[in-house]
Amino acid sequence: MAFRSKRPEHGGPPELFYDKNEARKYVRNSRMIDVQTKMAGRALELLCLPEGQPCYLLDIGCGSGLSGDYLSDEGHYWVGIDISPAMLDAALDRDTEGDLLLGDMGQGIPFKPGSFDGCISISAIQWLCNANKKSDIPAKRLYCFFSSLYSVLVRGARAVLQLYPENSEQLELITTQATKAGFTGGVVVDFPNSAKAKKFYLCLFSGPSTFLPKALNESNDEEETRESEFTSERIPYRMARRGLVRKSRQWVLEKKARRRRQGREVRPDTPYTGRRRKPRF
């Protein structure tokens with residue numbers, strides 16, 4: 001699940017990486033503006049908000065306010081929080097309509113319980129997985145963030161966090177802390193077979209578990225989409241497989257299905273799959 005050889009979070013803390021020069025790119029670079037706007041639109045779509053009803057939303061890692069501008073254009077009100085003074089200055093220069101707050105999401109979201117109808121975040125959460133000083137413990141910072149986010153959302157509201165996980169272990173760390181904080185939900189992967197268009201969206205539910213939105217694919221056909229759900233319930237996987245006889249037909253079919261889910265090439269099933277062969281002389 002590696003994306004780039006050089007990741008921004010490896011170069012130091014975000015408040016130093018996103019300086020005036022970097023903030024200027026988010027104001028002048030048309031490609032970056034287009035990408036940020038499209039991801040904000042997709043995140044808002046995954047929130048599944050009531051149509052025609054303005055909502056009060058939280059934008060975590062709001063940066064120069066590009067995603068907030070999209071929320072405003074759609075008729076919503078929003079508050080943005082970011083750790084970079086330079087990015088917030090750029091947002092102020094652009095006269096964004098939302099309220100802006102300088103803060104570290106790893107230290108919690110400083111709002112009253114039940115303040116927001118939903119939350120979006122674009123390319124920010126993976127920064128919590130890196131320790132920039134000895135006192136930084138990624139798991140604790142993630143839990144502090146998710147537990148406070150769970151508190152400030154109205155019960156039943158959603159949070160959609162677009163992120164660039166460095167590897168599967170990092171994604172597991174993030175989802176584990178979200179589950180500990182009380183969230184249910186899952187990861188929606190858009191365009192899973194594309195190296196450039198592939199995007200990860202962590203969809204979190206602060207109330208009872210509901211359906212996980214469908215991911216986008218390169219084709220418009222009704223193909224199987226790659227989504228992974230997580231809940232706080234334990235799945236007795238070993239107990240379910242205990243009754244299977246090794247190398248039996250059912251054991252072979254399950255193994256082939258598991259490899260297909262992993263994206264591997266597997267021969268199609270036939271009436272002869274798992275058939276016991278006679279020994280050769």
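For this structure, a couple of remarks:
- With 5 Å bins from 0: P(r) over the range 31-146, alpha-carbon pairs, percent: 2, 12, 21, 23, 20, 13, 6, 2, 0, 0
- Distance violations [Cα-Cα > 24 Å] among K25/K196; K6/K134; K198/K255: K198/K255
- With coordinates expressed along the principal axes, the C-alpha atoms belonging to the chain extend over 82, 46, 37 Å, beginning with the largest.
- Probe 1.4 Å, protein heavy atoms only - accessible area per residue of the chain in square angstrom: 60 Å²
- By the helix-only formula, in which each DSSP H run with n ≥ 4 contributes -39500 (n - 2.57) and the sum is divided by residues, the chain has a 222 nm mean residue ellipticity of -10000 deg cm²/dmol.
- Alpha carbon centroid spacing (whole Å) that separates the range 114-179 from the range 10-55: 17 Å
- Here the calculated FRET efficiency for D93 and T37, from their Cβ-Cβ distance with R0 = 25 Å, stands at 0.90, rounded to the nearest 0.05.
- Base-10 log of normalised Debye intensity for the range 86-157 (one unit scatterer per alpha-carbon) at q = 0.14 Å⁻¹: -0.54
- Peptide packing for 25-36, 162-173 was compared via the average number of neighbouring C-beta atoms within 10 Å per residue; ordered from the highest value, the list is 162-173, 25-36.
- For the range 52-205, the carbon plus sulfur part of the accessible surface works out to 50%, probe radius 1.4 Å.
The values are calculated or read from the model by the stated rules, or taken from the named source; none is laboratory data. In this text the structure is predicted, and so the values were computed from the model without any measurement. As a convention, Cβ positions derive from the backbone with ideal geometry for all residues, glycine included, and neighbour counts pool all protein chains shown. Calculation scope for accessible area: heavy atoms of the full protein, side chains included, ligands and nucleic acids excluded. Shrake-Rupley method; radii C 1.70, N 1.55, O 1.52, S 1.80 Å.
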